[in-house]
1. For the structure I just gave you, tell me whether M188 is within 24 Å of the chain's Cα centre (by Cα), open to solvent by less than 20 Å² (accessible area, probe 1.4 Å) and modelled with pLDDT under 95.
2. Show the residue pairs meeting these rules: Cβ distance below 6 Å; 6+ apart or different chains; first residue within the range 168-185 and closer than 13 Å to S153 by Cα; second residue outside any loop (DSSP other than H, G, I, E, B).
3. I need the full set of residues from the range 82-116 which are among the basic types (K, R) and either at pLDDT 80 or above or surrounded by 13 or more Cβ atoms within 10 Å (Cβ to Cβ) (or both), in order please.
4. Would you call T161 in contact with a Gly (Cβ under 7 Å, 6 or more places away or on another chain) and assigned to a loop (DSSP other than H, G, I, E, B)?
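The values are calculated or read from the model by the stated rules, or taken from the named source; none is laboratory data. Being a predicted model, the structure only gives us computed values, none of them experimental. Counting neighbours? That spans all protein chains shown, and the Cβs are built from the backbone with ideal geometry, glycine included. With ligands, DNA and RNA removed, areas are computed over all heavy atoms of the protein, side chains included. Shrake-Rupley method; radii C 1.70, N 1.55, O 1.52, S 1.80 Å.
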Amino acid sequence: VAVLSTQSTGSSGINAEYGEKGIAKKLGMKEHDQILEINGKCVRDWTSEDLLAELTECTSATVVTITVKDRAVTDLFLMATREHDLGYLWALRKLVKLSICNIDFSAEGLDISTITTLLQELIVTNCSLKCITQINGLGRLKSLKRLILTHNSLTDLDERTMLKLKELTDLQLGYNLIRSFPNVVTKMEKLEELSLIHNQISVLPDEVVQMRSLEKLHLDNNVLTELPEYVTLQLPQLRALTLENNKLKHNTRSTQQTRSKFYYKIGL
């Protein structure tokens, strides 16, 4: 993302009706540049009057912009914009990380079908997603290593989509509405870290033992009542297990073994 710092000269010569293009002109930018934020605040959540007031009151302005000509962008963060059309992403051929926050995709979904397949990290949080298939083009991301879909309304994972993400090592699904442990993750051979905190999971399936690469498993704030023995006996590579705020029984053999092996953040 290109960051431009410039001195503000007040609002003379600029009328509120100019809107975002007027602000761009005032800051010496081209009209086709897309302004993402000014002084850390998202442009599209403001009126033109707010923008002019901000620039008038401050001695300097930091403007984050993106343009289709800037193909060197590797890390892009979009937050609270009303603009759902992300078609310009096709031009960012070197994009490695994309973060999207506080945009409502519940109706139309998120289309990343033209984004570079070199993307390694995708974060879509607090975007009202109900199912993973609302992210159109997710299965194309063959190089994706980290996927964060926290604070949405997901209830399950689409197996066909997830199994296409063969390089995924880190999956974060906290703060959703998942009631059953998603079995598809047990088939993801390279998965090293899985977070399902703040969901409604009550049972761990036997298939968990197939997760031979899993090193960190976070299950805090669910409704688990029992911890199967195989979690500690058949997953020797597991280095961290967090189970705070569940409904586990304290005196079972498996919880005693777990307590001795994972002595922190166990919540027992």
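1. For M188, the condition - within 24 Å of the chain's Cα centre (by Cα), open to solvent by less than 20 Å² (accessible area, probe 1.4 Å) and modelled with pLDDT under 95 - is not met.
2. The qualifying pairs are G174/S195.
3. Within the range 82-116, the first condition is being among the basic types (K, R), and the residues that meet it are 82, 93-94, 97.
R93, K94, K97, listed by residue number.
4. Details: in contact with a Gly (Cβ under 7 Å, 6 or more places away or on another chain): yes; assigned to a loop (DSSP other than H, G, I, E, B): no.
Judged against the criteria, T161 is not a match.
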